[in-house]
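After the structure tokens below, expect a handful of questions from me.
The values are calculated or read from the model by the stated rules, or taken from the named source; none is laboratory data. In this text the structure is predicted, and so the values were computed from the model without any measurement. Cβ: placed from backbone, ideal geometry, glycine included. Neighbour counts: every protein chain shown. Just the protein is used for accessible areas: all its heavy atoms, side chains included, with ligands, DNA and RNA removed. Shrake-Rupley method; radii C 1.70, N 1.55, O 1.52, S 1.80 Å.
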Amino acid sequence: MKRTIFTLLICSLLISSGYSGNRADKNGGFCAVASFYPVYIIAKNIVRDVPNVSVANMTPPLTGCLHDYSITTADMIRLEKANLFIVNGAGMESFIDKTVARYPNLKIVELSRGIPLITDGTQANPHVWVSVTDTIRMVKNCTDAFCNADPAHSALYRTNERIYTAKLEALKKEMDAVLKPFRGRKIITFHEAFPYFAKEYGFVIVTVIEREPGSEPSAKELADTITLVREKRIKTLFTEPQYPSGAAQVIARETGASIYVLDPAVTGDDEYDAYIKIMKKNLQVLVKAFSCKPDKKSEHRHF
Ligand SMILES: [Zn+2]
């Protein structure tokens with residue numbers, strides 16, 4: 001009898017120490033890889049202080065969106081060792097199909113799963129995390145994935161989920177209350193990063209200055225935007241810290257509209273509360289932008 005119990009004990013010890021399976025890193029820990037910054041910050045909060053569990057950001061925090069990203073050899077080495085690959089989905093990671101084919105055993109979770117996507121008729125817009133409501137859903141998806149892939153630490157992941165969700169709910173409450181008076185405001189943004197954010201607060205995106213980030217608008221596109229700004233009497237243009245704002249400056253000069261910087265949280269510090277800090281800054285910028293009296297034809301830049 002004693003021997004049977006001893007054997008069972010040894011077996012269960014072996015099983016529990018080998019949970020990380022064939023893809024585990026050399027130290028026996030559970031390692032997750034996140035595709036880019038906003039997804040990484042979510043995952044970082046979920047694995048906070050969970051022993052032997054780590055998350056790495058596959059792309060440097062200054063990469064920005066992954067619209068045209070090509071996977072590198074260093075990325076492949078990382079994915080080779082990963083237990084879980086956390087991606088945004090909705091078309092953000094254009095390389096995902098090739099990755100699935102290359103690593104058929106790699107567990108991949110798309111954090112945008114279950115979020116109603118905004119489309120332009122042909123393509124889904126992938127920038128879901130810019131809405132706090134959608135980020136809360138992404139936190140749940142991320143936690144579910146960790147719990148499924150590493151059930152031994154489920155309780156710790158769930159605790160972290162509760163803590164981070166509570167912070168995000170508080171942020172949402174504050175933003176909802178402060179931005180409520182500005183529903184219906186017409187805005188112009190820099191790239192296609194803000195439809196989910198605009199929907200959340202009832203803003204109307206009249207046009208987008210650069211549909212393809214990094215490619216300057218053509219002379220005709222610029223002229224059309226200037227006409228639109230004049231016609232709709234738009235007073236505020238929102239650029240992004242990740243991209244140069246040359247085109248926005250031309251529009252501002254021609255129309256007297258003011259330029260403000262709105263951050264879609266695709267780059268930032270390696271801090272647990274980085275997303276929350278970025279959104280609070282966006283909130284301040286919006287209040288300033290919408291509270292500003294119409295200016296007298298002079299260009300004002302607010303950073
Ligand atoms: Zn983008």
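Using only the alpha-carbon atoms, what does the range 35-193 span along each of its principal axes? Please give whole angstrom values in decreasing order.
49, 37, 27
A further question on this structure: Computed over the Cα atoms of the chain, what is the convex hull's projected area averaged over all directions, in nm²?
Computed as one quarter of the Cα hull surface, the answer is 18.1 nm².
Between the range 202-270 and the range 94-132, how many Å separate their Cα centres?
The distance from the Cα centre of the range 202-270 to that of the range 94-132 comes to 26 Å.
Which FRET efficiency value, to the nearest 0.05, is calculated for V206 and V178 with the Förster distance at 30 angstrom and r the Cβ-Cβ distance?
With a Förster radius of 30 Å, E is 0.85.
Give K140/K172; K98/K140; K44/K167; K199/K277 a once-over and call out the pairs whose C-alpha atoms are over 23 Å from each other.
Exceeds cut-off: K98/K140.
Per residue, how much accessible area does the chain have with a 1.4 Å probe, in Å²?
51 Å²
A further question on this structure: Over the Cα atoms of the range 84-167, what Rg and Dmax result, in angstrom?
Every Cα atom of the range 84-167 included, Rg and Dmax give 14.0, 43 Å.
Rounded, prolate or oblate, given the Cα gyration tensor of the range 200-262, with a/c below 1.5 counting as rounded?
Because its axes are fairly even, with a/c under 1.5, the range 200-262 counts as rounded.
Calculate what fraction, in whole %, of the accessible area of the chain sits on carbon and sulfur atoms when a 1.4 Å probe is rolled over the protein chains.
After summing per-atom areas, the C and S share lands at 55 percent.
If you don't mind, another one. Please report the antiparallel percentage of DSSP beta bridges with both residues in the chain, rounded to the nearest 5.
Of the beta bridges lying entirely in the chain, close to 5 percent run antiparallel.
Once you mark the GluC sites (Glu not before Pro) that are in a DSSP loop and have at most 16 other Cβ atoms within 10 Å, what is the longest gap between them in the chain?
Here the longest run is 1-270.
Taking just the C-alpha trace of the range 135-208, give me its Rg and Dmax in Å.
16.6, 49
How far is helix 246-255 tilted, in degrees, relative to the longest principal axis of the Cα atoms in the chain, given as a value from 0 to 90 rounded to the nearest 10?
That works out to roughly 30 degrees.
Grab the beta carbon distance between E271 and A124, set R0 = 45 Å, and tell me the FRET efficiency rounded to 0.05.
0.95
Please give every one of the aspartates and glutamates within straight-line cross-link reach of K280, meaning a C-alpha to C-alpha distance under 14 Å, and leave out same-chain neighbours fewer than 8 residues apart.
Candidates past the 8-residue exclusion: E169, E174, D176, D263.
Hey, can you grab everything whose amide H is under 5 Å from the amide H of S258? Only 5+ residues off in sequence or another chain; H modelled, so Pro and N-termini drop out.
T236, L237
Another question about this same structure. Determine the shape class of the range 240-292: with a ≥ b ≥ c the square roots of the Cα gyration tensor eigenvalues, call it rounded for a/c under 1.5, and otherwise prolate if a/b is greater than b/c, oblate otherwise.
Oblate.
Another one. Run the numbers for R162 and K98: contour at 0.36 nm per residue of separation, minus the present Cα-Cα distance, in nm.
Full-extension gain reported as 19.6 nm.
Next up: Give the calculated FRET efficiency between K140 and S54 to the nearest 0.05, with a Förster radius of 22 Å applied to their Cβ-Cβ distance.
0.55
Tell me, in nm to one decimal, what length is gained between A219 and L117 on full extension, where the rule is 0.36 nm per residue of separation less the Cα-Cα distance?
Extra length from A219 to L117 when fully extended: 33.6 nm.
Obtain the nm distance between the two label points defined at K186 and S154 by a simple spin-label model: each point lies 7 Å from its Cα along the Cα-to-C-beta direction.
Placing both labels 7 Å along Cα→Cβ, they lie 5.3 nm apart.
Also, quick follow-up: Would you please state the base-10 log of I(q)/I(0) at q = 0.13 1/Å for the range 64-127, with intensities from the Debye formula using one equal scatterer on every alpha carbon?
Summing over Cα pairs of the range 64-127 leads to -0.38.
Okay, moving on. With all protein chains present, calculate the accessible area of K173 using a 1.4 Å probe and round the result to the nearest 10 Å².
150 Å²
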